[in-house]
Amino acid sequence: MNKALLTVGAIGIAAASAAVGWFGVRLLIQPDDTASAPSATPTADVPTETLTFDAVAVAEQASGLFSPPACGDEWAADATPANGVMPQVSVDADATGASATLSFAASDDVAVAFLGHHGQLIVTRDGVVVTPDWGSEFVPEYFVAASEDAEPLEDAIDFNGASLCDVAAELSAIWDGFDWANATDEEVAERQAVAEAFANENRDLPPGEYKVYAWTPVVVGEPAAAARALYEEGFSELAFLTYTAGYSPLADAPEIQPYCTESETPAGETELLCDVPHDVLVDLLERDVPVSYIVDAAPGVAISEAATFTVE
């Protein structure tokens, strides 16, 4: 499935859960390939270790590291780096909504290649969590924390009054029980109109002092080293290769052909639609990785300093 279709699918899922602009779409956004490695690919003379990228194993490493506070909890946190990585968040906001821009800085002035997550925010108003309870599982993305001024990541995260947990449950409930499989176009349009009207009525941010925190697991070690080597080969979206292998350097690999079919796009081109088993991918992603890429440290959780704004 091409990236455009993946994004459309993500938007559809997010809309169904009333999470557009918050969590849903972020899952399919990957960092710019120009930041894919701290340095160039080394020569063949350096010591190496045979590693593979296993997205399931990485997710398991990050599981349980941090439980975000629930809607309605009183909560605050100090800025906390992990494995030399510090998230940063800045916010442009007014009464009609806010837009959060994220970046990752190297807290020790040494560039760090890591696996993390872009898009996990905690928002409080007057010290009380107003972040929706919906969220997403950790989907590892490859990043490099810069040792100098950190470049903002693309795709800001937008939110407004309708997406905060004060009213988000009501907005989400509009879609509860909706039969997408059997609904007519008219029924979908009618329900969308109801949801849009509700969102517009509740768009403004309620008054108060808002604090916005970004957080992420920070996984280094062998998984990040394997991801770095693969990005240097031209891979991207490693966590989604099951479906995007046809757009990756694996496109011509004979091992994936039984799990892929050719399909014609609306533009008359041919694309390779895949559903490659996890164990097949793990074997195909095995590489001899420079030992110097491996940072021996346990996964941790990094939390940004809060970006603060006030709505009168």
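The values are calculated or read from the model by the stated rules, or taken from the named source; none is laboratory data. Just so it is clear, the structure is predicted and the values come from calculations on it, not from any experiment. Cβ atoms come from the backbone with ideal geometry, glycine included; neighbour counts cover every protein chain shown.
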**Request:** Check off (1) within 25 Å of the chain's Cα centre (by Cα); (2) among the charged types (D, E, K, R); (3) over 30 Å from residue 307 (Cα atoms) for residue 255 and give me the number that stays unchecked.
**Result:** (1)
**Request:** Select from region 298-310 the residues that are in a loop (DSSP other than H, G, I, E, B), among the small types (Gly, Ala, Ser) and surrounded by 13 or more Cβ atoms within 10 Å (Cβ to Cβ) and list them in ascending order.
**Result:** 304, 306
**Item:** Single residue of 166, 149 found to be modelled with pLDDT under 90, surrounded by 14 or more Cβ atoms within 10 Å (Cβ to Cβ) and acidic (Asp, Glu)
**Value:** 166
**Prompt:** Somewhere in region 118-126, is a residue more than 23 Å from residue 225 (Cα to Cα), touching a Leu at 6+ places or on another chain (Cβ under 8 Å) and not in a loop (DSSP other than H, G, I, E, B)?
**Reply:** yes
**Message:** Regarding region 262-273, can at least one residue be identified that is modelled with pLDDT of 95 or more, surrounded by 18 or more Cβ atoms within 10 Å (Cβ to Cβ) and of a type in the set (A, V, I, L, M)?
**Reply:** no
**Request:** Collect the residues in region 150-161 that are among the small types (Gly, Ala, Ser) and more than 23 Å from residue 74 (Cβ to Cβ), keeping them in residue-number order.
**Result:** 150, 156
**Message:** Of the conditions (1) modelled with pLDDT of 95 or more; (2) buried (at least 19 other Cβ atoms within 10 Å of the Cβ); (3) in contact with a strand residue (DSSP E or B) (Cβ under 9 Å, 6 or more places away or on another chain); (4) among the aliphatic types (A, V, I, L, M), residue 281 satisfies every one except a single condition; which number is it?
**Reply:** (3)
**Prompt:** For residue 150, which of the numbered conditions (1) in contact (Cβ under 8 Å) with a residue 12 or more places away in the chain; (2) out of contact with any strand residue (DSSP E or B) (no Cβ under 8 Å at 6 or more places or on another chain); (3) not charged (D, E, K, R) fails to hold?
**Reply:** (2)
**Request:** Please list, ordered by first then second residue, the pairs with beta carbon atoms under 6 Å, 6 or more apart or interchain, first in region 89-114 and more than 18 Å from residue 131 (Cα to Cα), second basic (Lys, Arg) and modelled with pLDDT of 95 or more.
**Result:** 113/228
**Prompt:** Just one of the numbered conditions (1) in a strand (DSSP E or B); (2) buried (at least 23 other Cβ atoms within 10 Å of the Cβ) is not true of residue 99; which one?
**Reply:** (2)
**Prompt:** Any residue in region 33-41 that is at pLDDT 95 or above, crowded, with 16+ Cβ neighbours inside 10 Å and out of contact with any Cys (no Cβ under 8 Å at 6 or more places or on another chain)?
**Reply:** no
**Asked** Could you list, in sequence order, the residues of region 155-202 that are without any contact (Cβ under 8 Å) to a residue 12 or more places away in the chain, assigned to a loop (DSSP other than H, G, I, E, B) and hydrophobic (A, V, I, L, M, F, W, C)?
**Response** 181, 183
**Request:** Kindly provide the set of residues from region 234-248 that are among the polar types (S, T, N, Q) and in a helix (DSSP H, G or I), ordered by number.
**Result:** 242, 244
**Request:** Could you tell me whether residue 198 is in contact with a helix residue (DSSP H, G or I) (Cβ under 8 Å, 6 or more places away or on another chain) and not β-branched (Val, Ile, Thr)?
**Result:** yes
**Message:** Based on this model, can you work out whether residue 217 counts as at pLDDT 95 or above and under 17 Å from the mean Cα position of the chain (by Cα)?
**Reply:** yes
**Fill in**
Across region 249-297, the tally of residues that are in a loop (DSSP other than H, G, I, E, B) and without any contact (Cβ under 8 Å) to a residue 40 or more places away in the chain stands at 12
